[in-house]
Amino acid sequence: MAADPLLVLPPELALQILFHLPLSSLPPLYRLSKNWHAFLDAHSERIYASAALREGFSGASDDVGDVVGRGRSVSEWWDGVKGWRDICKRKTMLQRAWDGDPPIALNRLIRLGRDVWRIKVDAAQKFMMTSSEHGGLTITSLRPPHRPLAFLPFVRPYAHVEYDEGFLVFDRGDASNEVWRSVADERGPGAFERVGRVVNPSLPRAYRVKYPHLAVAANSGAEIYIWDVRTLDLIRTIAVPEPVKGITYVELTPTHLLICAPPSILVFSLSTGALLARLSPTTSSVPPSSLRMLPLPRPQHPAVPIVSGAPASFEERCPIIDYGPYMHAHAMSGIGWLDWNAVHVEDGRLVAIAREGWMLVVPHFEHVLKRPENPEEWAYFIECRAVDGMLCLENGRAIVDAHGNLVMLPLFPSSLDSRTTAPYQLPDHAFALRQDGEEPASSIQACDDGLFATYIDEEGGGAEKVVRWLDFAPVLLDEEEDREMRELE
């Protein structure tokens with residue numbers, strides 16, 4: 001009979017071994033013996049802190065408060081966290097809710113009495129902001145019974161809305177943008193005060209907010225204006241070389257500005273305005289091993305009403321298949337110019353979609369800037385036809401609307417370090433959730449435990465565009481029910 005390692009190894013050596021075990025193997029160790037249970041309990045925080053770092057749940061210098069503080073949960077999912085063991089447990093449960101086969105969430109429909117156009121969510125304060133096809137902006141509580149908190153009647157119909165770190169920005173239909181600031185901490189959730197407006201030197205085409213910056217692309221395609229939303233100062237004007245027509249999207253990171261300027265994605269330094277890279281990958285510039293196809297299900301009509309509060313299952317499991325030699329040759333000859341419609345960067349990973357139905361995946365964005373002229377080294381493509389233009393990237397998952405379905409692609413595992421050039425493997429499947437309607441979503445938003453999209457609700461004989469909230473927060477068991485043997489199973 002093998003000797004118990006705890007009886008023969010020094011405690012520090014035993015801990016070093018435990019620090020390198022997969023997270024999923026830790027809970028069964030509690031059931032080996034009373035000695036193991038006592039040892040794991042005594043060193044629980046060190047063991048699970050190491051597991052959290054290894055699994056990508058935390059950074060090297062993070063404490064528990066840092067991880068909880070970064071959480072973007074619209075439920076009470078991060079309330080009452082007791083330590084690293086609790087962090088690992090909740091992160092794992094949440095990952096399984098999203099990445100299960102299939103993912104399952106709880107349906108919620110929020111009817112505002114006005115056809116919704118854009119959705120923005122404040123996960124910390126638990127409210128959402130929605131512009132309307134008829135005008136006005138509604139601020140609604142995400143706590144039951146989802147009552148309206150405020151209404152801004154002067155917002156134009158079909159207004160685009162941006163929001164980050166408490167700063168709300170919307171356009172006025174002229175050359176200016178309105179800037180408002182949340183004062184929820186002083187006056188309660190949903191309270192805003194006007195900061196003022198910025199007047200752009202020319203009519204805007206697209207804009208994006210990432211605190212503290214507002215980037216506005218000129219309709220002419222010649223310039224991008226960078227504003228400070230706190231002071232309303234124009235920080236700099238970035239000239240676009242060879243002005244393009246139709247800048248379709250603007251993205252900001254703490255250090256970079258990206259614009260979709262078909263057929264390229266241009267990357268600028270946010271601090272200097274210098275053009276750093278012109279990303280112009282096409283399906284003919286990457287090897288077959290970097291090309292995949294995603295066959296998507298067709299929506300079934302007539303629409304079937306969704307019952308609010310019922311489970312919502314991503315029932316369609318869509319295999320992502322390799323391109324064969326013939327299909328690759330077809331792609332090379334058929335698509336060389338891509339009309340980029342949206343681009344997002346999250347934690348050093350870039351995802352973009354083109355109107356032709358291609359999704360570009362770049363797992364190591366910072367490294368691309370060193371060799372942008374070699375797309376065969378960094379570009380991966382997934383063909384998902386009939387993409388309707390909306391793209392959301394959250395926690396390594398890309399969500400798009402295609403064929404009347406919300407399609408979720410788990411692109412990046414939490415353990416993937418974008419700072420390195422570790423090998424990347426494209427996913428082999430995606431999940432589709434039927435929207436049961438012909439009109440594509442006009443807005444998609446996501447946070448740690450929720451997915452929000454517009455949805456055509458035909459209950460009562462009418463047709464209203466409402467907010468569909470898919471709640472992925474698992475149900476936490478109380479202490480008595482939550483035994484060690486069930487913590488991560």
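The values are calculated or read from the model by the stated rules, or taken from the named source; none is laboratory data. Here the structure is a predicted model, which is why all the values come from computation and not from measurement. Glycine gets a Cβ as well: all are built from the backbone with ideal geometry, and neighbour counts include every protein chain shown. Accessible surface is based on the protein model in full, side chains and every heavy atom, while ligands, DNA and RNA are left aside. Shrake-Rupley method; radii C 1.70, N 1.55, O 1.52, S 1.80 Å.
Scanning the range 75-93 for residues that are part of a helix (DSSP H, G or I), open to solvent by 30 Å² or more (accessible area, probe 1.4 Å) and of a type in the set (D, E, K, R) returns ARG85, LYS91. Among residues of the range 239-260 being part of a strand (DSSP E or B), under 27 Å from the mean Cα position of the chain (by Cα) and not charged (D, E, K, R), the one that is farthest from LEU276 (Cα to Cα) is TYR249.
Give the residue, chosen from ARG111, ARG96, that is open to solvent by 30 Å² or more (accessible area, probe 1.4 Å) and out of contact with any helix residue (DSSP H, G or I) (no Cβ under 9 Å at 6 or more places or on another chain).
Working: ARG111 fails: out of contact with any helix residue (DSSP H, G or I) (no Cβ under 9 Å at 6 or more places or on another chain).
Just a single option satisfies the conditions, and that option is ARG96.
Of the listed requirements (1) open to solvent by less than 60 Å² (accessible area, probe 1.4 Å); (2) in a loop (DSSP other than H, G, I, E, B), ARG72 misses just one: (1). Scanning the range 161-178 for residues that are in a strand (DSSP E or B) and either modelled with pLDDT under 95 or not hydroxyl-bearing (Ser, Thr, Tyr) (or both) gives VAL161, GLU162, ASP164, PHE167, LEU168, VAL169, PHE170, ASP171, ASN177, GLU178.
Does GLY135 fit the bill of being over 24 Å from LEU252 (Cα atoms) and in contact (Cβ under 8 Å) with a residue 40 or more places away in the chain? No; evaluated as a whole, the condition is false for this residue.
Screening VAL121 on (1) of a type outside the set (Lys, Arg); (2) modelled with pLDDT of 85 or more; (3) on the phi > 0 side of the Ramachandran plot shows it passes everything except condition (3). For the range 393-408, the set of residues classified as open to solvent by less than 10 Å² (accessible area, probe 1.4 Å) and either modelled with pLDDT of 90 or more or among the basic types (Lys, Arg) (or both) consists of GLY396, ALA398, ILE399, VAL400, VAL407, MET408, listed by residue number.
Listed by position, the strands (runs of 3 or more DSSP E) enclosed by the range 261-345 that each have at least 2 residues that are open to solvent by less than 40 Å² (accessible area, probe 1.4 Å), over 27 Å from ALA463 (Cβ atoms) and at pLDDT 70 or above are 264-269, 275-279, 291-293.
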